[in-house]
Amino acid sequence: MQDITLEELQENFGLQLTTDSQFFREWQDNLPSLTDEEKRSLERVRSNYFNLVNRLD
């Protein structure tokens, strides 16, 4: 098994960021609603992730 980086995926397969809320709808349908606290936690994780990714570029 070979390790692959995010950069290699972007270069070799055209992987790109999308913020389209309709992307992969099948992963979002029929799920329980999130609480406000869960939404804040997820937003914090998302923000931290993108801060880290930007720092690695």
Checked pairs for region 40-56, first touching a residue at least 12 places away in the same chain (Cβ under 8 Å), second part of a helix (DSSP H, G or I) and surrounded by 10 or more Cβ atoms within 10 Å (Cβ to Cβ), C-beta under 8 Å and 6 or more apart or across chains, list as V53/L6
With the first residue restricted to region 7-27 and required to be within 25 Å of R55 (Cα to Cα) and polar (S, T, N, Q), and the second required to be at pLDDT 85 or above and surrounded by 10 or more Cβ atoms within 10 Å (Cβ to Cβ), Cβ contacts under 7 Å at 6 or more apart or on different chains are Q16/Q10
Checked R40, R46, R55 against criteria (of a type in the set (K, R) and exposed (fewer than 10 other Cβ atoms within 10 Å of the Cβ)); the one match is R55
_Any chance S33 is surrounded by fewer than 10 Cβ atoms within 10 Å (Cβ to Cβ), of a type in the set (G, A, S) and modelled with pLDDT under 85_ = no
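Per-residue answers, yes or no, for (1) in a loop (DSSP other than H, G, I, E, B); (2) within 15 Å of the chain's Cα centre (by Cα):
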| site | (1), (2) |
| --- | --- |
| E8 | no, no |
| Q16 | yes, yes |
| Q22 | yes, yes |
| L31 | yes, no |
| L34 | yes, no |
| E38 | no, no |
| R46 | no, yes |
| Y49 | no, yes |
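The values are calculated or read from the model by the stated rules, or taken from the named source; none is laboratory data. Every value quoted in this text rests on a predicted model; they were computed, and no experiment measured them. When we count neighbours, we look across all protein chains shown, and the Cβ atoms used for this are built from the backbone with ideal geometry, even at glycine.
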